[in-house]
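Reviewing the structure listed below.
The values are calculated or read from the model by the stated rules, or taken from the named source; none is laboratory data. Remember, predicted model here, so these are calculated numbers, not experimental data. Cβ atoms come from the backbone with ideal geometry, glycine included; neighbour counts cover every protein chain shown.
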Amino acid sequence: MKKLFKIVLAALMVMSMAACSNNAGNEGGNEETGITLPAEGTTVTIWHTFTNDQLTTLEAIAEEFNKTNEYGITVKVESQTYDGFLDTVKTNVYNGTGPDMILNYASAAADYVTDELVVDLSKYINDPEIGIPGYAESKPAGVVAEEFAFEDGQQHIIITQQTGPIFFYNKTMYDQLGLKPATTWAEVKSNAQTINKELGIVGFALDSITDVTQTLIMQGGSSYIDTEAREITFNDATTEKIINYIADGCKEKYFSINPTNSYFSADMISGQVAGYIGSVAGLPYVAGQGIFAADGTAELATAALPLEGTKWTPAWDRGMMVFNYDDADRAVASYLFIKYFTETENSLKWNMAMNALSPYFAVQEVAEYQAYLEANPALQSLAEQTAYAGVLPTVTGSATVRTELQDAVKVVAAGEATATEALAELEANSNAALQD
């Protein structure tokens, strides 16, 4: 347990311990900063797409906050459809009818920065009355830097969890065929072809087309977005080969980018897919289910992503953001809930429900958290690659680039365009969004 914990701490670049935050409120607010406490009875909403334990945990934290907060704030937890979630949020935020908060990636917040529709949270964090003392030292420096990595230099997100993609695979099938988890992308292809030929099923699947493609692009030595010129930089021969690598595998049916349901976890537990790259948060949805159940026929295993060339993997750091509706009461109330949400006890509960790593040093020192890491093979696989985790630019339009990259792979895999044609359209649409 101690060995694994040291690996995780080293991977997260933990250098020092932080003091626990002081969550005492102040009834008067702060005249110097102009921040006042929300009016009694202020109601705010958080929109989400969580299910199962994640939903139960989020609702429980909100319910306890509603009962105990001294400001009379009520937080409403509202479920939304997964498909098109960010588009739904954006439409409603711009119409003034959206949520007060969501929990998502920094790239989602970046789209609202130029229109000043997302709140600068640092003004609350640093407030002497309602702030969080020692906040900058409570997480790894890289995580705090990511929270400020917006074009206006302000803090538009409080990162609450760290996850990432890993490789889930059917160890029974791999052992049957004498295969080992791939350490190169050539081996990914070779293993998938062998599985497809011998067992007649998909050998390898991509739960997130975008993130796997970005990983291949970055490992191939390319860059991603020129933030000064506001344009993408990966429309090149390397990316064409990457898109064709994925698309050819899909056409020949040893790769897949189209799950029978929303996620490939369902296809794994039914034995239709031998392995896939997906979030560590997917472990509870696979382990102990279907063919991996206690009385099932297969053993589930996990591994780190292939690391070759320029070693790089995506850092899936997600957090809370607050939308700006020119309503100070709602903005402050939302922040106060986030402050409560990130307290050590709540952060522990949330990250365990999410099957994620907590970025908070205080949580990492809790014995229950350390035992949880020791018993979690998915997070152990993630820990092996966290030292190479990177974050791509979070500027206006970066979320569109992600979508365009996914669409480019899809159209080539479907035979509707060549990689050259798809990349040309991707570049035009992405640059238009980046320069909007």
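With the checklist (1) closer than 30 Å to TYR369 by Cα; (2) among the β-branched types (Val, Ile, Thr); (3) modelled with pLDDT of 95 or more in hand, flag the one item ILE201 doesn't pass. Every listed condition holds for ILE201 apart from (1).
Residues checked against (1) of a type outside the set (Phe, Trp, Tyr); (2) touching a residue at least 40 places away in the same chain (Cβ under 8 Å); (3) over 27 Å from GLN80 (Cβ atoms):
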position: GLY98; (1), (2), (3): yes, yes, no
position: TYR105; (1), (2), (3): no, yes, no
position: THR114; (1), (2), (3): yes, yes, no
position: ASP127; (1), (2), (3): yes, yes, yes
position: VAL144; (1), (2), (3): yes, no, yes
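Can you say whether ALA237 is at pLDDT 95 or above and more than 25 Å from the chain's Cα centre (by Cα), as far as the supplied structure shows? Talk me through it step by step, then tell me what you get.
Working: at pLDDT 95 or above: yes; more than 25 Å from the chain's Cα centre (by Cα): yes.
Spelling it out, ALA237 is indeed at pLDDT 95 or above and more than 25 Å from the chain's Cα centre (by Cα).
If you check every pair at least six apart or on different chains, which have Cβ atoms under 6 Å apart with a residue in segment 187-215 that is acidic (Asp, Glu) first and a residue that is assigned to a helix (DSSP H, G or I) second? Once the first residue is acidic (Asp, Glu) and sits in segment 187-215, its partners that are assigned to a helix (DSSP H, G or I) give GLU198/LEU177; ASP207/PHE264.
Please count how many residues of segment 88-108 are modelled with pLDDT of 95 or more and part of a helix (DSSP H, G or I). Adding up the residues that qualify gives 8.
Test THR213 against the stated conditions and say whether it is buried (at least 21 other Cβ atoms within 10 Å of the Cβ) and closer than 19 Å to LYS253 by Cα. Yes, satisfied. I need the helices (runs of 4 or more DSSP H) fully contained in segment 262-353, keeping only those with at least 1 residues that are touching a Pro at 6+ places or on another chain (Cβ under 6 Å) and modelled with pLDDT of 95 or more. Filter on segment 262-353 gives 264-269, 328-341.
For segment 400-422, residues that are within 18 Å of ILE257 (Cα to Cα) and assigned to a helix (DSSP H, G or I) total 14. Evaluated against (1) at pLDDT 95 or above; (2) crowded, with 17+ Cβ neighbours inside 10 Å, GLU187 falls short on exactly one condition, (2).
Output the residue which, of all residues in segment 56-87 that are polar (S, T, N, Q) and part of a loop (DSSP other than H, G, I, E, B), is surrounded by the most Cβ atoms within 10 Å (Cβ to Cβ). Explain how you work it out, then say what you get.
If we filter segment 56-87 for residues that are polar (S, T, N, Q), which is where we start, we get 56-57, 66, 68-69, 74, 79-81.
When the remaining residues are screened for being part of a loop (DSSP other than H, G, I, E, B), the result is 69, 80-81.
Details: ASN69: 19, GLN80: 17, THR81: 8.
Once the filter is applied, the top-ranked residue is ASN69.
A Cβ distance below 9 Å, combined with a sequence gap of six or more or placement on separate chains, defines the contacts here; from segment 236-257, residues that are over 13 Å from LEU216 (Cβ atoms) and among the basic types (Lys, Arg) reach residues that are assigned to a strand (DSSP E or B) and modelled with pLDDT of 95 or more in the pairs LYS253/VAL202. Take segment 384-436 and flag every residue that is surrounded by 21 or more Cβ atoms within 10 Å (Cβ to Cβ) and among the small types (Gly, Ala, Ser). Listed by number, the residues that qualify are GLY397, SER398, ALA399, ALA408, ALA413, ALA419, ALA422, SER430. Against the numbered list (1) under 26 Å from PHE361 (Cα atoms); (2) surrounded by fewer than 22 Cβ atoms within 10 Å (Cβ to Cβ); (3) modelled with pLDDT of 95 or more, ILE158 comes up short only at (2).
Looking at SER398, is it under 23 Å from GLY131 (Cα atoms) and at pLDDT below 95? I'd like the intermediate steps shown before the answer.
On the way: under 23 Å from GLY131 (Cα atoms): no; at pLDDT below 95: yes.
No, not satisfied.
Out of the residues in segment 109-137 that are within 22 Å of THR42 (Cβ to Cβ) and either hydroxyl-bearing (Ser, Thr, Tyr) or touching an Asp or Glu at 6+ places or on another chain (Cβ under 7 Å) (or both), state the one that is modelled with the lowest pLDDT. Taking the candidates together, the pick is TYR112. When LYS67, LYS6, LYS2 are checked against the criterion of being over 16 Å from THR342 (Cβ atoms), basic (Lys, Arg) and modelled with pLDDT of 90 or more, LYS67 stands alone in meeting it. Considering segment 139-154, the residues that are surrounded by fewer than 23 Cβ atoms within 10 Å (Cβ to Cβ) and in a loop (DSSP other than H, G, I, E, B) include one that is modelled with the highest pLDDT, namely GLN154.
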